[in-house]
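The block underneath contains the structure these notes are about, expressed in structure tokens.
The values are calculated or read from the model by the stated rules, or taken from the named source; none is laboratory data. Here the structure is a predicted model, which is why all the values come from computation and not from measurement. Here the Cβ positions follow ideal geometry from the backbone for every residue, glycine too, while neighbour counts run over all protein chains shown. Calculation scope for accessible area: heavy atoms of the full protein, side chains included, ligands and nucleic acids excluded. Shrake-Rupley method; radii C 1.70, N 1.55, O 1.52, S 1.80 Å.
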Amino acid sequence: MTESEEKKSVSFVEQIVIDDLAAGKNGGRIQTRFPPEPNGYLHIGHAKAIAIDFGLAKKYGGVCNLRFDDTNPVKEDTEYIENIEQDIKWLGFEWANVYYASDYFQQLWDFAVWLIKQGRAYVDEQSAEVIAQQKGTTTSPGTNSPYRDRPVEENLRLFEFMNSGKCEPGTLVLRAKIDMAHPNMLFRDPLLYRVLNIPHVKTGTKWNAYPMYDFTHGQSDYLEGVTHSWCTLEFVEHRPLYDLFVGWMKEWMKVAPQYAPKVATIAGEAYEGPRQTEFNKLNLNYTLMSKRNLLALVQNGMVSGWDDPRMPTICGFRRRGYSPESIVKFIDKIGYTKLDALNDMALLESVVRDDLNARAIRVSAVLDPVKVVITNYPEGQVEQLTAINNPENEADGTHTVEFSRELWIERSDFQEVAEKKFMRLAPGKEVRLKNAYIIKCDEEHPCDKDSEGRVTTIYCTYDAETRSGLPGADRKIKGKTLHWVSCAHAVKAEVRLYDRLWKVENPRDDMAAIREEQQCDAVTAMKQIINPDSLHVLSDCYVEPFAATMKPLSYLQFQRIGYFNVDTTSTPDHLVFNKTVGLKN
């Protein structure tokens, strides 16, 4: 492969890594981080960031740390931390270290004090509304705060008061003194600290004033020795501020060497600081991926929880039956670019379908059962037939299935008055039973019905020479091959069929439009576009005994129906299966 061909085969993000390593930047080292805020469960959009943060670090001999952005104790919870760690491991990735933004609260505080002493930060006591008005617009400059030129000593005293626990939230903030006329609105004296007076899950009551995201993120990267900081496109405008704050921190390090980056202790390192690069988000149609909106769905009972199989959360996809490999394959397929796009959910399902075709164990299940009685089959006789577990993988072996006189088949596989092209069971017609015999529906008395005209029993005969493996098995017939289960041996199960959670292709935009038009809250808007038919529960299904032995989250193919898995709530006394995806698009 030529050098130009190799460049075409990797994303622009990976090419940056290749070029930086070739140039010997940062001592020829790559270090990344995945920095989730522990205020909700991870969704498939986060999986894209996880794949690049951990994947490229591993590929090029570097390390990736997991760093929780825990700067807002109002929304954060240890439940989220534990599930984030579980999701990353499930996707197949491992971190080198676990860090928290709160690990750096003392450094950030001391850095802020230094900025005040340098005349680069001040305490403002205006309301958030007034500060927002003074910011100006994209076409007009902002207005300086009347507190912008406070004496350093007064700023230091007020900053200490902000953390005393006696300061009322919203009355004082610390702002950077940059440029209120800067064309980038983020440079117009951004907030560095705000008062919350809420205990922190890790630091307890030590801090009452907490740093803002923009004042935490880049500095945490620098203190950890991160070389490549990757984020999504909405942070493009934040990058100059990111670089400015990191530059200021480098200055501070000259007078605060005790806070030097962790990598400074490694002999031979030439750490230049982190480089931020932005890539496109993973957007899917018929999907809403804001953690705030996902939390609203959970809190308002519109789904059963964060791991509801209709949710785009990683744990939701896991419970639905997606494999971690399929999610990573999908991310590789759509790639990383500088342009946001709305990806088709059907593409993800296609990748999942291909993946499950190679790994799923084949079993028989009947979701809408009707009984078949084979009148010429000996009463009380049971045969043990052999079924291949996975034709795509011989190593998966075989299992036995019981065949008897009375079977369950799908109701849709029988028509008393057959349509012209109907190739399944009908009076006088033959079909083959999977792994078993050819049967023929009786012409004179094909079925029994109940008082409402619903078919209850179908009567057939079988050809004893046509069982799989016998010479007669090669006999050609026009009918299709049907799946079935033995009535005497089948196990009753609940099967859950899932569809899109939303009726509209782009629920985020539709929800925003509804809120603007009706002046309503997010939940009211959601209820107007959520799909009321996104879940159908079938409680009278039957599966073969082998399927009943599968552990929760096992990957299965219900033959002729689709891919399913065993739900996490399934028990031997109450089997529950979730439909992952159909056999065809």
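Restricting to the range 454-495, name every residue that is open to solvent by less than 60 Å² (accessible area, probe 1.4 Å) and part of a loop (DSSP other than H, G, I, E, B).
Matches in the range 454-495: A464, T466, S468, L470, I477, G479, H483, W484, C487, H489, A490.
Please count how many residues of the range 548-585 are under 18 Å from A358 (Cα atoms) and of a type outside the set (V, I, T). Give the derivation first.
To start, the set of residues in the range 548-585 that are under 18 Å from A358 (Cα atoms) comprises 550, 553-566, 579-585.
Narrowing the set further to residues that are of a type outside the set (V, I, T) leaves 550, 553-560, 562-565, 579, 582-585.
Here the count works out to 18.
Cβ contacts < 6 Å: first residue at positive phi and part of a helix (DSSP H, G or I), restricted to the range 15-38; second residue aromatic (F, W, Y) and at pLDDT below 95, any location; separation 6+ or different chain. Result?
From residues that are at positive phi and part of a helix (DSSP H, G or I), the pairs are N26/Y271.
Do we find a residue being buried (at least 20 other Cβ atoms within 10 Å of the Cβ), in a strand (DSSP E or B) and either of a type in the set (F, W, Y) or modelled with pLDDT of 95 or more (or both) anywhere in the range 390-400?
Filtering the range 390-400 down to residues buried (at least 20 other Cβ atoms within 10 Å of the Cβ) leaves none.
Scanning the range 390-400 turns up no residue that is buried (at least 20 other Cβ atoms within 10 Å of the Cβ), in a strand (DSSP E or B) and either of a type in the set (F, W, Y) or modelled with pLDDT of 95 or more (or both).
In the range 401-413, which residues are touching a residue at least 40 places away in the same chain (Cβ under 8 Å) and not in a helix (DSSP H, G or I)? If you could, list the steps in order and put the result at the bottom.
Keep residues of the range 401-413 that are touching a residue at least 40 places away in the same chain (Cβ under 8 Å), which gives 401-404, 406-413.
Across the range 401-413, the qualifying residues are V401, E402, F403, S404, E406, L407, W408, I409, E410.
Every residue in the range 280-324 that is part of a loop (DSSP other than H, G, I, E, B), among the aliphatic types (A, V, I, L, M) and open to solvent by 20 Å² or more (accessible area, probe 1.4 Å), please. Explain how you work it out, then say what you get.
Our first condition is that a residue be part of a loop (DSSP other than H, G, I, E, B); within the range 280-324, this holds for 280-282, 285-290, 300-312, 321-323.
Narrowing further to those that are among the aliphatic types (A, V, I, L, M): 282, 288-289, 302-303, 311.
The answer is M289, M302.
Does the range 132-142 contain at least one residue that is part of a helix (DSSP H, G or I), within 36 Å of the chain's Cα centre (by Cα) and modelled with pLDDT of 95 or more? Walk me through it before giving the result.
Just the residues of the range 132-142 that are part of a helix (DSSP H, G or I), to begin with: 132-134.
From the residues that got through so far, the ones that are within 36 Å of the chain's Cα centre (by Cα) too are 132.
With modelled with pLDDT of 95 or more added as a condition, the list becomes 132.
Yes, some residue in the range 132-142 is part of a helix (DSSP H, G or I), within 36 Å of the chain's Cα centre (by Cα) and modelled with pLDDT of 95 or more.
Can you name the number of the only condition in (1) in contact with a Pro (Cβ under 9 Å, 6 or more places away or on another chain); (2) at pLDDT below 95; (3) open to solvent by 30 Å² or more (accessible area, probe 1.4 Å) that M212 fails?
That leaves (2) as the condition not met.
Kindly establish whether K166 is exposed (fewer than 14 other Cβ atoms within 10 Å of the Cβ) and closer than 22 Å to Y210 by Cβ.
Here the answer is yes, as K166 does meet what is asked.
Go through (1) within 30 Å of L282 (Cα to Cα); (2) free of Cβ contacts under 8 Å to residues at least 12 places away in the same chain; (3) hydroxyl-bearing (S, T, Y) one by one and return the number of the condition S140 breaks.
With (1) within 30 Å of L282 (Cα to Cα); (2) free of Cβ contacts under 8 Å to residues at least 12 places away in the same chain; (3) hydroxyl-bearing (S, T, Y) applied to S140, the lone miss is (1).
I'm trying to understand the selection: among the residues of the range 427-453, which are among the charged types (D, E, K, R) and either open to solvent by less than 50 Å² (accessible area, probe 1.4 Å) or part of a strand (DSSP E or B) (or both)?
Correct list: E430, R432, K440, D448, K449.
Does the range 414-433 contain any residue that is touching a residue at least 60 places away in the same chain (Cβ under 8 Å) and within 42 Å of the chain's Cα centre (by Cα)?
Keep residues of the range 414-433 that are touching a residue at least 60 places away in the same chain (Cβ under 8 Å), which gives none.
No, the range 414-433 contains no residue that is touching a residue at least 60 places away in the same chain (Cβ under 8 Å) and within 42 Å of the chain's Cα centre (by Cα).
Every residue in the range 159-189 that is free of Cβ contacts under 8 Å to residues at least 24 places away in the same chain and among the aromatic types (F, W, Y), please.
Within the range 159-189, just F161 meets the criteria.
Spot the failing condition for W248; the list is (1) at pLDDT below 95; (2) surrounded by fewer than 20 Cβ atoms within 10 Å (Cβ to Cβ), and only one is missed.
(1)
Identify the residue in the range 86-120 that is out of contact with any Lys or Arg (no Cβ under 6 Å at 6 or more places or on another chain) and among the small types (G, A, S) and, among all such residues, is farthest from D179 (Cα to Cα).
G92
Given the residues L192, L156, which is the only one that is open to solvent by less than 70 Å² (accessible area, probe 1.4 Å), part of a helix (DSSP H, G or I) and touching a residue at least 24 places away in the same chain (Cβ under 8 Å)? If you could, list the steps in order and put the result at the bottom.
Values: L192 fails: part of a helix (DSSP H, G or I).
Exactly one of L192, L156 is open to solvent by less than 70 Å² (accessible area, probe 1.4 Å), part of a helix (DSSP H, G or I) and touching a residue at least 24 places away in the same chain (Cβ under 8 Å), namely L156.
Give me the strands (runs of 3 or more DSSP E) completely within the range 503-566, filtered to those with at least 2 residues that are open to solvent by 40 Å² or more (accessible area, probe 1.4 Å), ordered by residue number. Give the steps one after another, and end with the answer.
Values: elements: 535-543, 555-558, 562-566.
Once the strands (runs of 3 or more DSSP E) in the range 503-566 are filtered for at least 2 residues that are open to solvent by 40 Å² or more (accessible area, probe 1.4 Å), what remains is 535-543.
Does the range 227-240 contain any residue that is in a loop (DSSP other than H, G, I, E, B), open to solvent by less than 50 Å² (accessible area, probe 1.4 Å) and out of contact with any Leu (no Cβ under 7 Å at 6 or more places or on another chain)? Before you say what the answer is, go through the steps one by one.
Pass one, the range 227-240, residues in a loop (DSSP other than H, G, I, E, B): 227, 236-238.
This time we only want the ones that are open to solvent by less than 50 Å² (accessible area, probe 1.4 Å), so: 227, 238.
If we keep only those that are out of contact with any Leu (no Cβ under 7 Å at 6 or more places or on another chain) as well, we get 227.
Yes: the range 227-240 contains one or more residues that are in a loop (DSSP other than H, G, I, E, B), open to solvent by less than 50 Å² (accessible area, probe 1.4 Å) and out of contact with any Leu (no Cβ under 7 Å at 6 or more places or on another chain).
Inspect the range 335-354 for any residue being touching a strand residue (DSSP E or B) at 6+ places or on another chain (Cβ under 6 Å), open to solvent by 60 Å² or more (accessible area, probe 1.4 Å) and within 30 Å of C487 (Cα to Cα) and give the result as yes or no.
Narrowing the range 335-354 to residues touching a strand residue (DSSP E or B) at 6+ places or on another chain (Cβ under 6 Å): 336, 342-343, 345, 349, 352-353.
Next, from what is left, pick out any that are open to solvent by 60 Å² or more (accessible area, probe 1.4 Å): 342.
Filter once more, keeping what is within 30 Å of C487 (Cα to Cα): none.
No, every residue in the range 335-354 fails to be touching a strand residue (DSSP E or B) at 6+ places or on another chain (Cβ under 6 Å), open to solvent by 60 Å² or more (accessible area, probe 1.4 Å) and within 30 Å of C487 (Cα to Cα).
Can you tell me which residue in the range 252-279 is farthest from D308 (Cα to Cα), limited to those that are surrounded by fewer than 16 Cβ atoms within 10 Å (Cβ to Cβ) and either of a type in the set (S, T, N, Q) or at pLDDT 95 or above (or both)?
Looking at the filtered set, the residue picked out is Q258.
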